[in-house]
Amino acid sequence: MITFKSYDGETFDIDETVAVELKTIKHMMEDGCAGNEIPVPNVTGKILAKVIEYCKKHVESGKAEDQAASDDLKAWDADFVKVDQATLFDIILAANYLDIKSLLDLTCQTVADMIKGKTPEEIRRTFGITNDFTPEEEEGIRRENQWAFE
Amino acid sequence: MNVEEGRVDRFKKTVSPTSELALEIMENILLRLPVKSVIRFKCVCKAWHTLISDPYFAKTHLRLPQTQARSRFCIIEDGERDEHNYMVIRAFTEDCEAFSDETGGGSLAFDYLSDIGNFKREVVLLDSCDGLLCIVDLGGKIVLWNPSTRQYYQLPRNPDIREGCGCYGFGYVSSSDDYRVVVVTSLINIYSKLLVDYKTRVDVFSLKSNKWKRIQKEEEKDTGLIKYATFLHGAAHWIAYYNKPYDDPKIVAFDLEKEQFREMAMPNDEEYLKVRVVGGCLCLNGYNDPTKMWVMKQYGIDTSWTKITAPYTSILRRSNDIMNQQFYNCELLDTLNDDLLLLFNLQKLTLYDQKKNTYKYLYEKRMWFEYDYDIDHASLYVETLVSPHPQL
């Protein structure tokens, strides 16, 4: 059993088989840098709970091999990402920091599906990006690829 | 500021486009988008524009399994109107796999020819490679086109290649990361009735350097290559019918990297006009009898040519109505997965599910009053961001 401690002091007891899904933690353990309690400084308790929930589910389901179990897992994943935008973004950051590839793939794909139909203006609002093009520059890019804006 | 706003704010600060982390994550997300969306997002901000326009982004996108797994098709329609030849190149922007679904259907297409100006008679879809289509016409005009990004590039003319005389091939050399077009010209010098000499000259265009290069060897070869090659495993492959009457036809392959020819044997029980790549293997469709098919199961091993019954023979035989010749002279274009076959002839492009033994028309030739357009060529391509322009 391993204990994780989040940024805001929450602790979680995790089975070793689940802990190794978080590659960053796995490497810490292998390098002998991890004591009994592993601090996870960049991730809050709320998000760490979600990440652990994901890893637990995937470790359990990893044992089943049939199509039905695989479909069930996909459905579970689809439900798992039905969270507000802020939580989704936080999970992405956590999955990236903790190096959990499948969770990073799932959440990035979710964001991709969410933004694919948006206009550039909507994208800027979603991610808080400032437009550093001049109006002429932007117009030039739009004209070059007019068909993509139709 | 409440807690929620604070959290979103913290994310936005972290993923402000100037942070490395942000760009790394945004790249991960952007690589998953359809090409149309990615092109549109070029104007979001300068950092995104740079990221998306970088050839490295296009390369990474190309190699993703989900990019490789989806196919689209492109056709050339050739018809006559008011005594003029009228050619249209139509690229379909729906993935073929979407059609096999019961709910899938309705093709989105756009006509390309108008953009690029005049082509002379006989425009050919030579081949597709990494989402780039190579289009040639009888006048020697060669264009590289990416239908997904709508970019195209007309190759500089090579004045040494005489109109109508070239045999063309298109492909990619991975060691140089270079797309190349090869043109083989057969020159016959007739000195007298008895003294005729045949020479073959090879010119190669490199997109990377934007230059034509003459491959020096002007060899004595009396081969008659069928005009258009198919690219596989680094080489362009033509069927070669020898001028001497009793010679067997062969497959002549030009290795684009080594710049060397090699020959492969091929079956000789039928007339074959083109070698195609089906399911990653060289494949021959009979011209007179389209059910006669041969597949080279192991590339380069002459004995591995295997005769197979065209999988759609059962539908060919089922057509009792002679007037309803929808499968007349059908050619197998490719397999989309183990069950789906893409067939085409002058009239229609058909998706055949061999497991369920059902078929569906993806496209039917247009016939409007006196206007009659045949489907002359068809090719599959993948949706990519690869640029047809030289990287200068």
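Laboratory data are not the source of any read-out in this text; all were calculated from the coordinates shown. All figures in this text were calculated on a predicted structure; none of them were measured in a lab. Cβ placement follows ideal geometry from the backbone for every residue including glycine, while neighbour counts extend to all protein chains displayed.
Data overview
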item: Label-to-label distance, nm, for residues given as A:Thr11 and A:Thr24 (7 Å Cα→Cβ offset); result: 2.1 nm
item: Estimated D of chain A in µm² per second, where Rh is the Kirkwood radius over Cα pairs and Stokes-Einstein applies at 10 °C, 1.306 mPa s; result: 89 µm²/s
item: Residues whose placed amide H lies under 5 Å from that of B:Trp305, excluding near-sequence neighbours; result: B:Lys297
item: For B:Ile142, distant residues with modelled amide H under 5 Å away; result: B:Leu155
item: Label-point gap, in nm, between B:Lys355 and B:Lys46 - each point 7 angstrom along Cα→Cβ; result: 5.2 nm
item: At R0 = 25 Å, FRET efficiency that the Cβ-Cβ distance of A:Arg125 and A:Gln146 yields, to 0.05; result: 0.65
item: Relative contact order (percent, whole number), chain A, Cα cutoff 8 Å, 6+ residue spacing; result: 21 percent
item: Fewest-first sequence of A:Thr24, B:Thr384, A:Thr87 by Cβ atoms within 10 Å of each Cβ; result: A:Thr24, A:Thr87, B:Thr384
item: Residue order, fewest to most beta carbons within 10 Å, for B:Arg40, A:Arg143; result: A:Arg143, B:Arg40
item: Ranked list, fewest to most other Cβ atoms within 10 Å of each Cβ, for B:Trp212, A:Trp76, B:Trp48; result: A:Trp76, B:Trp212, B:Trp48
item: Radius of gyration and maximum dimension Dmax of region A:52-104, Cα, Å; result: 11.9, 34
item: ³J(HN,Hα) computed for each position of region B:271-283 - Karplus, 6.51 cos²θ - 1.76 cosθ + 1.60, integer Hz, glycine/proline x; result: 8, 10, 9, 8, 9, 10, 10, 10, x, x, 10, 5, 9
item: Histogram of C-alpha separations across region A:75-150, 10 Å bin width, %; result: 16, 39, 24, 19, 2
